[in-house]
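The block underneath contains the structure these notes are about, expressed in structure tokens.
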Amino acid sequence: MEIWSALIQGFATAATPVNLMWAFVGCALGTAVGVLPGIGPATAVAMLLPITAKVDATASMIFFAGIYYGAMYGGSTTSILLNTPGETASMVTAMEGNKMAKSGRAGAALATAAIGSFVAGSIATVLVTLAAPVVAEFAVKLGPPEYFMLMLLAFTTVSAVLGQSTLRGLTSLFVGLALGLVGLDQISGQARYTGGVPELLDGIEIVLVAVGLFAVSEALHAVLFEGKVEESQNRMSRVTMSREDWRRSVPAWLRGAAIGAPFGCIPAGGTEIPTFLSYATEKRLAKDEYKAEFGHQGAIEGVAGPEAANNATVTAALIPLLTLGIPVSNTTAIMLGAFQNYGIQPGPQLFSSSAALVWALIASLYIGNVMLLVLNLPLVGFWVKLLKVPKPQLYAGILIFATVGAYGMRQSAFDLFLLYAIGVLGLVMRRFDFPTAPVVVGMILGPLAEAQLRNAISIGEGSPMVFLERPMSVTILVVVLAVLILPRAVGWWQGRKAAQAAV
Amino acid sequence: MSQDKRKPSLLQGLVGLGVVGIALGLAAGALTIPSAAGYGGVGPNFLPWLVSAALLVCGGFILYEVRTGGFRHLEEGPPDEAPYWPGFIWMSAGLLANAALITTLGFILSCALCFVLASRGMRNAQGQDTSGLATWIKDGITGVLIAAPVYWLFTKFLAINLPGLTETGWL
């Protein structure tokens, strides 16, 4: 019962008044940024990264986890009540949730989303508790070749599998890798791409890239294209669920959690696939009398399932982050950046070297889930008011917070010019539908992957064959190739079948 | 093939050229990085060359897509409305003025200025009338009301250095 006592210890750390305060502020702030359009958890965590200079590691990780978590709860509120979904994660929730709200069932939709998030989040937290130490124990055995292959897998899935176009995904990834190259080379200490600018020797701050790509580009995009967009808000109704709603929601929550959690565990993140999968499952399994509700009055299963899947995925995504040090989404990538600011490298050793921190973080997930349920059920009316903030003040205000994040990190006005440049880059990317997650993941993971690659080849005494000589690394390589080739092969095959059928 | 019926635009071509340009820039930079590989067999210039080559290939494919019908699988088609450039200029002015003035004006005033300019851009984009002095004053006050507590919170409670106008730490 080693895990049990470690977890109790974690609760003891997480439940100190100061840490509870950080968890609460994180959850509240997370819900707020989830509700507010134009700002998400990745942006919020990035803007607040400068606090890592002063706040101690445990407190700030609890704080960031609260934001990460809270934003998922808040995001569903917006997607149910507004006709424009905030997060990609809540796109599916928006489909049925919006329909439910339009037919006067906003309250039931909000309730099933919040309770479902709680149920699935708690199940996934139990999974993190039980599985993470086991994975960490296993991961200790991995050497640089295996790590490099795992990172390659993360790169592949984040750029080539998620998103619309593999070409644009890969372009984004390599732009991210290029940004990660700026600064001193980790192994040889060689300066690369600094152009003689001393500020660039330390590399480009992740805060700048994240805040520029998400917040500044969002504001610039809004002012260019969204001035005339009319937003309509659905009417609120009492946040409560009938007996029938419960009966329909509970199985959907459990199925959503079962679908979502495995997707979080593998270094192939993204919530799009599990949420869509859960939606499709619910639609197929729905009883005939409810099937007609899908896409019309809005079916409660279609909110409950995907919302649970979403939360299970983001929670379980902490397993690869903590045990392997591999982030698979914007927010986890930035949380990895936060760990790095403390000189902590997440990975298998984390569970032995920073056991107190890890277990406090895991305990805070349980606590955070309860806090969020309270924040989002009785107090949902308060968050809904945030949707009334007019756009000019909202975006102008976001820019002030962007300044804090970008300037606070290094106290350099040069960074603010760079922030603008990255904002414009983000605007171009957004305009032409280039995904941003590969940039952030590439930038943070790039230097780590490079170090693993070079260490691996050193082990192989200069030969890249080392990747093929070790069974684990070959296995992962095969998975990478499968991930790249299978979807295309299936698409090609289906296309051929369709063409044959047409003839 | 699923292909969008969107005309290839000049802008998409420019994006492709931009990617190629970045690739060439990276290659030019990679030339100056020594290749001393040591035991590794892979030196500090390996990844720069790899990234540069990969971006060149990506840029090439993007240009090919543009020439053969435009970007594939565009999720977010360009909105029908033309971009509202005056708003963009106001907001850019706000951000750049903030970058230029933050060390002289201090965080609060500089951010309030950025707030006023950015908010004006967005108001104009929404078609609001901003000719009077009232909006300027209102936005200025709102800007200070947001920036000042943020400044105090970060400098006093979190001990993060943000520039002030005076040495007192309150303004």
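Please treat every number below as a calculation from the coordinates, not as lab data. Here the structure is a predicted model, which means the values were calculated and not measured. For neighbour counting, all protein chains shown are included, and Cβ atoms are generated from backbone atoms with ideal geometry for every residue, glycine included.
Checking the table A:K283/A:K385; A:K391/B:K156; A:K291/A:K388; A:K385/B:K138; A:K102/A:K391; A:K385/B:K156 against a 25 Å threshold on Cα-Cα, which pairs fail? Table pairs above 25 Å Cα-Cα are A:K283/A:K385; A:K391/B:K156; A:K291/A:K388; A:K385/B:K156.
Here the Karplus relation 6.51 cos²θ - 1.76 cosθ + 1.60, evaluated at θ = phi - 60°, turns the backbone of segment A:329-344 into coupling constants of 9, 3, 5, 5, 4, 6, 5, 4, x, 5, 4, 4, 4, 8, x, 9 Hz, with x for every Gly and Pro. Annotation note: GluC sites (Glu not before Pro) in segment A:399-469 located in DSSP loop regions with a Cβ neighbour count of at most 14 within 10 Å are A:E461. When you restrict to C-alpha pairs under 8 Å that are six or more residues apart and normalise by the size of chain A, the relative contact order lands at 29 percent. For segment A:318-436, rounded, prolate or oblate, judged on the Cα gyration tensor with a ≥ b ≥ c (square roots of eigenvalues), a/c < 1.5 rounded, else prolate if a/b > b/c? Oblate is the answer for segment A:318-436, as a/c is 1.5 or above yet b/c matches or exceeds a/b. One decimal place: the segment A:F11-A:L285 gains 94.7 nm when fully extended, by the rule 0.36 nm per residue minus the C-alpha distance. FRET efficiency for the pair A:Q190 and A:E2, taken as 1/(1 + (r/R0)^6) with r the Cβ-Cβ distance and R0 = 56 Å, rounds to 0.80. If the segment from A:A498 to A:F414 were pulled out straight at 0.36 nm per residue, it would be longer than the present Cα-Cα gap by 24.7 nm. Over chain B, Cα pairs under 8 Å with separation of 6+ residues give a relative contact order of 20 percent.
When Lys and Arg each count +1 and Asp and Glu each count -1, what net charge do the other residues less than 11 Å away from A:P306, Cβ to Cβ, add up to?
-3
Kindly identify the protein assembly as shown as rounded, prolate or oblate by the Cα gyration tensor criterion: order the square roots of the eigenvalues as a ≥ b ≥ c, call it rounded if a/c is under 1.5, otherwise compare a/b with b/c, prolate if a/b is larger, else oblate. Since a/c stays below 1.5, the shape of the protein assembly as shown is classed as rounded. Would you please give the FRET efficiency between B:A159 and A:R238, computed as 1/(1 + (r/R0)^6) with r the Cβ-Cβ distance and R0 = 56 Å, to the nearest 0.05? Taking R0 as 56 Å, the efficiency between B:A159 and A:R238 is 0.80.
With respect to chain B, whose longest principal axis is taken over its alpha-carbon atoms, helix B:107-125 is tilted by about 70°.
Quick check: from the Cα gyration tensor, does chain B come out rounded (a/c under 1.5), prolate or oblate?
oblate
Of A:T77, A:G405, A:I457, whose Cα points farthest to the positive end of the dipole of chain A (charges on the beta-carbon: +1 Lys, Arg; -1 Asp, Glu; origin at the Cα centre)? My answer, from the dipole projection, is A:T77.
Distance between the pseudo-spin-label points of A:E137 and B:L31 (7 Å out from Cα toward the beta carbon): 5.6 nm. If R0 is taken as 56 Å, the Cβ-Cβ distance between B:A53 and B:A97 corresponds to a FRET efficiency of 0.90.
Centroid-to-centroid, using Cα positions, segment A:201-242 and segment A:337-409 are 16 Å apart. For segment A:198-294, applying the loop criterion from DSSP together with a ceiling of 16 other beta carbons within 10 Å to the GluC sites (Glu not before Pro) yields A:E230, A:E231. Per residue, chain A reaches -23500 deg cm²/dmol at 222 nm when only DSSP H runs of four or more residues are counted, each adding -39500 (n - 2.57). Between the helical axis of A:391-410 and the longest alpha-carbon principal axis of chain A there is an angle of about 30 degrees. In chain B, helical runs assigned H by DSSP with n ≥ 4 each contribute -39500 (n - 2.57); averaged across all residues and rounded to the nearest 500, the mean residue ellipticity at 222 nm is -21000 deg cm²/dmol. Under 5 Å from the amide H of A:A191 lie the amide H atoms of A:D185, each residue being 5 or more positions distant or on a separate chain, with H modelled from the backbone and absent for Pro and chain starts.
Here the contact order of segment B:85-157, divided by its residue count and restricted to Cα pairs under 8 Å and six or more residues apart, works out to 35 percent.
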